[in-house]
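Asks: My structure is below; once you've seen it, I'll send some questions.
The values are calculated or read from the model by the stated rules, or taken from the named source; none is laboratory data. Here the structure is a predicted model, which is why all the values come from computation and not from measurement. All Cβ positions, glycine included, derive from the backbone under ideal geometry; neighbour counts span all protein chains shown.
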Amino acid sequence: MLLRAKQIGGHLNRHSITATATRRFSTSNIGKMPEDKITSWVAPNDKTGEFKRGQSQFRNWIKKGGEFPPEKGRYHLYVSYACPWAHRTLIVRQLKGLEDIILFTSVHWHMQQKGWRFATSTDNDAPGENVTPDPIKGHEGYEYLRDIYFQVDPEYKGRFTVPTLYDVKQGKIVSNESSEIIRMFYTEFDDIIDPKYKNVHLFPSHLQSEIEATNQWTYDDINNGVYKSGFATTQDAYEKAVTTLFTSLDRAEKHLSSVTDGPFYFGKEITEADVRLYTTIIRFDVVYVQHFKTNVRDIRTGYPYLHKWLRNLYWNMPAFGETTEWSHIKKHYTKSHTQINQFSITPVGPEPPILREDEEVPAVAFALKNAGKK
């Protein structure tokens with residue numbers, strides 16, 4: 001194991017709405033919960049100790065002439081401000097000017113045995129826009145996100161995940177796959193949005209192959225990699241995941257160091273690659289470093305190009321900064337994952353959660369100052 005640790009170290013030193021429900025939910029469905037706990041991330045009989053993410057089960061598509069046509073006010077987006085996958089959809093919703101076309105509700109940050117719950121009128125610890133009870137007419141008694149899933153399918157056996165894109169008119173779930181929801185948002189509503197947003201191309205044709213290639217390793221190694229590290233239940237599984245994670249962070253850093261024609265991942269054009277990477281990197285220093293044990297390096301001291309890229313998005317792009325809710329992010333992980341953090345203690349730092357563009361941690365500021373004297 002010592003040799004393995006040395007190998008890792010050497011390797012890392014390199015660089016009011018109405019729902020017409022097709023079926024009604026009732027408390028009788030509670031007994032139909034999946035046997036595994038929603039907070040069980042690795043199967044108890046899995047000897048590898050590796051976290052394996054399940055597939056989303058609702059994969060419909062919004063399109064003209066289809067079962068789910070693009071219409072203003074027809075769809076409702078359920079998210080969690082804590083969740084990086086749901087965060088993608090909030091960012092794209094704002095970038096594409098869909099705020100008046102697709103309304104949203106954020107669940108409370110605390111994931112319990114029954115999964116994500118809606119905030120109540122007495123909750124005062126969950127700031128942010130639309131952190132409310134389920135606002136859909138007919139959903140007045142719904143306490144948990146799972147209530148919607150059981151309304152759609154009383155025999156549902158899967159997980160109850162965010163984001164969930166819901167068709168209010170039919171009482172059906174369109175999709176709970178974030179990568180597909182954001183792509184629907186790119187183009188399917190272009191005929192009913194403000195014309196200025198039609199020119200927002202997050203998946204431009206001339207960059208599609210590069211974006212797809214970047215998505216593959218970014219998702220496997222970074223977006224999902226932090227979870228593979230944090231949810232691992234064996235030392236070998238953890239070391240394998242964290243090594244891969246930092247190898248790919250090095251890869252992203254190297255790529256950004258070569259970009260000279262703009263502040264975004266591919267230069268002057270903001271794309272899907274920025275959205276998908278941001279939602280993990282913005283959570284890295286405040287949660288993942290300590291909670292998921294991804295502490296080989298942090299972003300603010302170990303990755304200057306990633307740090308610069310991140311701060312530009314947060315401070316200069318409202319769709320990114322305005323949808324980042326630090327309280328939800330920190331409290332969800334540290335108080336929901338009791339198998340990792342038994343006493344649900346939320347660390348105070350880092351403070352501030354993100355630095356200004358003209359600010360550096362003292363060690364980096366000192367190094368930059370001295371570098372300028374040479």
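Asks: Given the conditions (1) among the charged types (D, E, K, R); (2) over 18 Å from the mean Cα position of the chain (by Cα); (3) buried (at least 21 other Cβ atoms within 10 Å of the Cβ), and given that ARG93 satisfies all but one, which numbered condition is not satisfied?
Replies: Looking at each condition in turn, ARG93 falls short on (2).
Asks: Could you please let me know if ASP236 is surrounded by fewer than 21 Cβ atoms within 10 Å (Cβ to Cβ), touching a strand residue (DSSP E or B) at 6+ places or on another chain (Cβ under 9 Å) and either not assigned by the TED database to the domain that holds LYS96 or not in a helix (DSSP H, G or I) (or both)?
Replies: Answer is no for this residue.
Asks: With respect to the numbered conditions (1) of a type outside the set (A, V, I, L, M, F, W, C); (2) surrounded by 18 or more Cβ atoms within 10 Å (Cβ to Cβ); (3) closer than 12 Å to SER80 by Cα, which one is the sole condition not fulfilled by GLU129?
Replies: Only one criterion in (1) of a type outside the set (A, V, I, L, M, F, W, C); (2) surrounded by 18 or more Cβ atoms within 10 Å (Cβ to Cβ); (3) closer than 12 Å to SER80 by Cα is unmet by GLU129, namely (2).
Asks: Now for a separate question. Exactly one condition in (1) over 23 Å from LYS335 (Cβ atoms); (2) crowded, with 21+ Cβ neighbours inside 10 Å; (3) not small (Gly, Ala, Ser) is false for THR161; which is it?
Replies: The one condition THR161 does not meet is (1).
Asks: Any residue in the range 287-303 that's among the hydroxyl-bearing types (Ser, Thr, Tyr): show its pairings with residues that are modelled with pLDDT under 95 at Cβ separation under 8 Å, as long as the two are six or more apart or on different chains.
Replies: Pairs that qualify, where the first residue is among the hydroxyl-bearing types (Ser, Thr, Tyr) and the partner is modelled with pLDDT under 95, are THR301/VAL361; THR301/ALA363; THR301/VAL364.
Asks: Any residue in the range 164-177 that is over 14 Å from GLU67 (Cα atoms) sitting within a Cβ distance under 8 Å of a residue that is of a type outside the set (Lys, Arg) and at pLDDT below 95? List the pairs, counting only those 6 or more apart or interchain.
Replies: Every condition considered, the pairs that remain are THR164/PHE58; ASN176/SER56; ASN176/GLN57; ASN176/PHE58; GLU177/SER56; GLU177/PHE58.
Asks: Here's a check for you: in the range 246-270, which residue that is in contact with a His (Cβ under 8 Å, 6 or more places away or on another chain) and under 17 Å from PHE320 (Cα atoms) is surrounded by the fewest Cβ atoms within 10 Å (Cβ to Cβ)?
Replies: Out of the qualifying residues, it is GLU269.
Asks: Which condition breaks for THR243 when tested against (1) more than 17 Å from THR279 (Cβ to Cβ); (2) surrounded by fewer than 16 Cβ atoms within 10 Å (Cβ to Cβ)?
Replies: For THR243, the failing item is (2).
Asks: Return only the number of the condition from (1) under 17 Å from SER178 (Cα atoms); (2) surrounded by fewer than 20 Cβ atoms within 10 Å (Cβ to Cβ) that ARG88 does not satisfy.
Replies: (2)
Asks: If I ask for residues that are in contact with a Phe, Trp or Tyr (Cβ under 7 Å, 6 or more places away or on another chain) and among the polar types (S, T, N, Q), which ones from the range 297-316 would you list?
Replies: none
Asks: Of these, GLU50, GLU99, which one is at pLDDT 95 or above and acidic (Asp, Glu)? Quick ask: steps written out before the conclusion?
Replies: Numbers: GLU50 fails: at pLDDT 95 or above.
Result: GLU99 is the single residue among GLU50, GLU99 that is at pLDDT 95 or above and acidic (Asp, Glu).
Asks: Checking the structure you have, find out if any residue of the range 209-229 is of a type in the set (Val, Ile, Thr), part of a loop (DSSP other than H, G, I, E, B), closer than 26 Å to ILE299 by Cβ and touching a Phe, Trp or Tyr at 6+ places or on another chain (Cβ under 8 Å). Reasoning before the result, please.
Replies: If we filter the range 209-229 for residues that are of a type in the set (Val, Ile, Thr), which is where we start, we get 211, 214, 218, 222, 226.
After this cut, where a residue has to be part of a loop (DSSP other than H, G, I, E, B) as well, the list is none.
Checking the range 209-229: not a single residue is of a type in the set (Val, Ile, Thr), part of a loop (DSSP other than H, G, I, E, B), closer than 26 Å to ILE299 by Cβ and touching a Phe, Trp or Tyr at 6+ places or on another chain (Cβ under 8 Å).
Asks: Which of the numbered conditions does TYR197 fail, given that it passes all the others? Conditions: (1) at pLDDT 95 or above; (2) closer than 27 Å to PHE284 by Cα.
Replies: In the conditions (1) at pLDDT 95 or above; (2) closer than 27 Å to PHE284 by Cα, TYR197 misses (2) alone.
Asks: Shifting gears a bit: Is it fair to say TRP309 is within 27 Å of MET111 (Cα to Cα) and outside the structural domain of LEU98 (by the TED database)?
Replies: no
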